[in-house]
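Read-outs throughout are calculated quantities, based only on the coordinates presented, and are distinct from any laboratory measurement. Values in this document were obtained by computation on a predicted structure and should not be read as measured data. FYI the Cβ positions are ideal-geometry reconstructions off the backbone, even for glycines, and counts take in every protein chain you see.
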Amino acid sequence: MPSTPSRITTPRFVQPMIQSMGSFGPLETAGPLVVWVIVVAFVFIECAVIIGLFLPGDSMLITAGIVMTTHASGTGHVWALSGGAMVAAIAGNQVGYVIGHRTGSTLVARKNGKYLNTKNLHKVNLLLEKHGFWAVLVARWIPWVRTLCPMVAGAAKMNHRRYTIASTLGAIIWAPVLLLIGFYFGSFLEKVPWLLPAVLIGMVALLVVGTGIGIWQYRKEMARPAETIEVEEVLE
């Protein structure tokens, strides 16, 4: 007699856990508005002010994309959120540029700081001097450079029009790519009933912990002694 294919069954002790994760209320009922507020706020802060150095921006966008998978109209929401995140990133970059421009060529760093130190500010200044437009464009994908670049560009009096074009193009690529990676990764995870809730719970937990640690690191960084650095003017 021909053999019938064996069926893979879920162990009994795992089934209650799957059922509980499959109906994890907060993840299923969290409104898109909550996700919008968190994403737009994180993106703007990371691109505009120093505390953004310590926030998990990239992982937040990917997690938001996965969260959108759990909603019936997730496709529409994730594309709309991509637009919102782009606007937040562009606005944040402009605020960072204005802060640097008004501060002048002398920037304040933190002695032996993890991110806000004279070495990193000098590195960003050199990148802008050597590569100008392309440095701003690529900076979007390097977390700490993403936050420092607008401030240094403003302090170095980089041509505002060129800076705006480069930072806008970077935002158009950065935010939608990460959100859509999360969204389509979540769609793949949905094929296994328990996997999407499990991964999502883990990522949200890591995001919350990472944000808490980031705020603590920011407070620790700002408590260090201040030191100044002169920024070289970017002529491009």
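A few comments on the model shown:
- For the stretch 98-236, the alpha carbon convex hull comes to 108 Å³ per residue, rounded to a whole number.
- FRET efficiency, SER105 to SER73 (Cβ-Cβ, R0 45 Å, nearest 0.05): 0.35
- Where Rh is the Kirkwood radius over Cα pairs, Rg/Rh for the stretch 73-133: 1.16
- Computed over the chain: relative contact order in percent, which uses C-alpha pairs under 8 Å that are six or more apart: 33 percent
- Potential extension, TRP141-LEU169 segment - 0.36 nm per residue separation minus Cα distance: 8.9 nm
- Chain lengthening between VAL177 and ARG162 when straightened (0.36 nm per residue, less Cα-Cα): 3.1 nm
- For the stretch 23-126, applying the loop criterion from DSSP together with a ceiling of 12 other beta carbons within 10 Å to the trypsin sites (Lys or Arg not before Pro) yields LYS111.
- Using the Cα coordinates of the stretch 36-116, the gyration tensor eigenvalues translate into equivalent-ellipsoid semi-axes of 31, 15, 6 Å, sorted from longest to shortest.
- Largest-first principal axis extents, alpha carbons of the stretch 114-181, Å: 35, 30, 16
- Between 0 and 90°, nearest 10: helix 118-131 axis offset from the chain longest Cα axis: 90 degrees
- Here the extension length gained between GLU230 and VAL87 equals 48.4 nm, from 0.36 nm per residue of separation less the Cα-Cα distance.
- Cross-link partners of LYS114 among lysines (Cα-Cα below 24 Å; sequence separation of 8 or more within a chain): LYS123, LYS220
- Rg/Rh for the chain stands at 1.11; both radii use Cα atoms, and Rh follows the Kirkwood definition.
- The P(r) of the stretch 156-236 has a tail past 22 Å containing 61 percent of all C-alpha pairs.
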